[in-house]
Amino acid sequence: MDNRIRMVREALELSQREFGERLGVSRDVISNLEYGRVQPKELVIKHICDLYGVNEQWIKDGNGPMFSSPPRNNKKLEEAVSIFQSLRPEFQDFALQQIRQLAELQKKTEGLDL
């Protein structure tokens, strides 16, 4: 589980300090969790899942997708939404069409080694 906690933090592009502060724990606690020096308590696991939209089954045993809902602190998503909102409606339509095409391409290529 320690590796999956690190994977969540890195996916969110947060430092150990930032990740811990939002959970109400110190950087040292996060470091100890990530290096497997201590096992996370059930309350910490639930808080990570609630705060960051992490799939509880995934964090416990690696099954399923990492996120059960879009993470609230995803910097890339926030940037994309901000840019999208600044576009004129006709450019929003075009951007949305491109995103749909990328999603289709990803679906078609999943499982292929590119």
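The values are calculated or read from the model by the stated rules, or taken from the named source; none is laboratory data. These numbers come from a predicted model, not from an experiment. Virtual Cβ from ideal backbone geometry, glycine too; neighbours counted across all protein chains shown. Accessible surface is based on the protein model in full, side chains and every heavy atom, while ligands, DNA and RNA are left aside. Shrake-Rupley method; radii C 1.70, N 1.55, O 1.52, S 1.80 Å.
Structure summary
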{"read-out": "Test for Ala95: is it small (Gly, Ala, Ser), open to solvent by 50 Å² or more (accessible area, probe 1.4 Å) and either part of a helix (DSSP H, G or I) or at pLDDT 90 or above (or both)", "value": "no"}
{"read-out": "Options Asn63, Asn74, Asn3: the member that is at pLDDT 90 or above and touching an Asp or Glu at 6+ places or on another chain (Cβ under 9 Å)", "value": "Asn3"}
{"read-out": "Pairs where the first residue, in segment 89-104, is hydrophobic (A, V, I, L, M, F, W, C) and the second is in a helix (DSSP H, G or I), C-beta under 7 Å, 6+ apart", "value": "Ala95/Phe84"}
